[in-house]
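K.L.:
The structure's right below; bear with me while I get my questions together.
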Amino acid sequence: MQAHTRALVAAAAFAFVTGKKVAGLYDHSAGKDRRMAAEARGTALQGFDGERGVKFGGNLPEILDAGDASHISFEIDGTSVKGYDRASATFYEARVGEGLVQVFDHGEAAWFAYDIQDAEAAQSYHRSAETGL
């Protein structure tokens with residue numbers, strides 16, 4: 001799975017699970033901020049990848065990444081999401097926590113972590129620095 005796809009999955013998973021808007025995210029493996037926005041309403045998602053200048057979204061159980069012209073499936077179970085990226089023919093799973101999303105990419109056999117910037121939060125990232133999370 002490509003790095004931008006994992007970031008898209010993290011943003012979409014956070015938006016679907018929490019119902020909060022995503023205004024950006026920090027990609028720990030790349031060590032950089034990613035310009036990514038997402039908003040979910042019920043089973044519908046709309047998002048924008050600012051680095052690639054492309055939209056993503058659609059209705060569950062799949063969303064379309066317009067940049068790759070490919071679908072990604074989403075199956076939500078509480079705070080966990082799993083699915084399949086058709087572009088890379090790779091399965092993934094994601095865990096949504098308090099301002100953090102961890103994505104396991106089965107193709108890479110590795111976990112990737114993302115801090116989520118909540119559009120409503122007063123600070124840069126959703127997680128509070130005081131909590132140490």
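K.L.:
Going by alpha carbons, how many degrees (0 to 90, nearest 10) lie between the helix axis of 3-18 and the longest principal axis of the chain?
P.N.:
The answer is roughly 70 degrees.
K.L.:
At R0 = 22 Å, how high is the FRET efficiency between D33 and K55 if r is their beta carbon distance? Nearest 0.05 is fine.
P.N.:
For R0 = 22 Å, the calculated efficiency reads 0.65.
K.L.:
List H4, H106 from most exposed to least, where exposure is judged by having the fewest other Cβ atoms within 10 Å. Intermediate results must be reported in sequence, preceding the final value.
P.N.:
Details: H4 20, H106 15.
Least crowded to most crowded, the residues run H106, H4.
K.L.:
Which order results if F74, F91 are arranged by neighbouring Cβ count within 10 Å, fewest first?
P.N.:
The fewest-first ordering by Cβ neighbours comes to F91, F74.
K.L.:
With θ taken as phi - 60° and the coefficients 6.51, -1.76 and 1.60, list the Karplus ³J(HN,Hα) couplings across region 35-42 in order, rounded to whole Hz; mark glycine and proline as x.
P.N.:
7, 9, 10, 7, 9, 10, 9, x
K.L.:
Going by how many other beta carbons lie within 10 Å of each one, how would you line up Y114, Y92, fewest first?
P.N.:
Fewest to most other Cβ atoms nearby, the residues stand as Y92, Y114.
K.L.:
Please give, to one decimal in nm, the separation of the simple spin-label points placed at A87 and A69, each 7 Å out from Cα toward the Cβ.
P.N.:
Label at A87, label at A69, 1.3 nm between them.
K.L.:
Still on this structure: If you work out percent of Cα pairs over 17 Å apart from the coordinates, which of [x] 52; [y] 59; [z] 55 do you get?
P.N.:
[x]
K.L.:
Run down the aspartates and glutamates and flag those whose C-alpha is under 13 Å from the C-alpha of K32, throwing out any fewer than 8 positions away in its chain.
P.N.:
E51, D115
None of the figures in this text is laboratory data; all of them are computed from the coordinates on show. These figures come from a predicted structure and were not determined experimentally. Virtual Cβ from ideal backbone geometry, glycine too; neighbours counted across all protein chains shown.
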